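Worksheet: the structure to be examined is printed underneath.
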Amino acid sequence: MSEDQNKLKWVSSVSELYPAVKGSVREVKKGCGYKSCKLCASGEKHQAYLFTYYKDGKQCSHHVPKPKLEELRKALENGRELERLMVENALVLLKSSRKKK
C-alpha cells in the first residue's frame, strides 16, 4: 500500500472515532454532606462516577454527571480503538521502512 493510500485509510478510520478520550471511569460511593440524609446515615452513601486520567504525570479525577456517562464510555471505547490504530500504523510505517533499504 502506498503512503498516500495509507494516509487516506488512516484519516477515514480516525474521523469515525470522534470523540475519543483516554482514561477510565469508575463507580464510587460518596457521602453528600447533608446531616438529614438517611442513605448516608445508614452508611450506604450515594452512587457516583469518576473519570480518571493522567496529566503531566499526575493522576486527576473529575465527577461524571449521570447523563454524560454513556457518552463518556463511548468516547473511551473510541480512544482505545484509536490507540490500537496508532500501534497498527507504527507497524505499517516500520514495515515500509524496511522495504526501502
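The values are calculated or read from the model by the stated rules, or taken from the named source; none is laboratory data. No experiment lies behind these values; they were computed from the predicted model shown. Heads up, the Cβs are rebuilt from the backbone with ideal geometry, glycines too, and the neighbour counts pull from every protein chain shown.
The residue that is farthest from Pro65 (Cα to Cα), counting only those in the stretch 1-35 that are aliphatic (A, V, I, L, M), at pLDDT 90 or above and part of a loop (DSSP other than H, G, I, E, B), is Leu17. Looking across the stretch 41-70, the residues that are part of a helix (DSSP H, G or I) and either surrounded by fewer than 11 Cβ atoms within 10 Å (Cβ to Cβ) or in contact with a strand residue (DSSP E or B) (Cβ under 7 Å, 6 or more places away or on another chain) (or both) come down to Lys66, Pro67, Leu69, Glu70. Of the residues in the stretch 36-52, none is out of contact with any Ser or Thr (no Cβ under 7 Å at 6 or more places or on another chain), among the polar types (S, T, N, Q), within 30 Å of Glu88 (Cβ to Cβ) and at pLDDT below 95. Pairs meeting the criteria (first residue in the stretch 71-85 and over 10 Å from Lys22 (Cα atoms), second residue modelled with pLDDT under 95 and in a helix (DSSP H, G or I), beta carbons under 9 Å, at least 6 apart or on different chains) are Glu81/Ser13; Leu85/Trp10; Leu85/Ser13; Leu85/Val14.
Restricting Val21, Val14, Val25, Val92 to those that are surrounded by 10 or more Cβ atoms within 10 Å (Cβ to Cβ), touching a residue at least 40 places away in the same chain (Cβ under 8 Å) and more than 19 Å from the chain's Cα centre (by Cα) reduces the list to Val92. Among the residues of the stretch 28-53, those identified as among the aromatic types (Phe, Trp, Tyr) and in contact (Cβ under 8 Å) with a residue 24 or more places away in the chain are Tyr49, Phe51, Tyr53.
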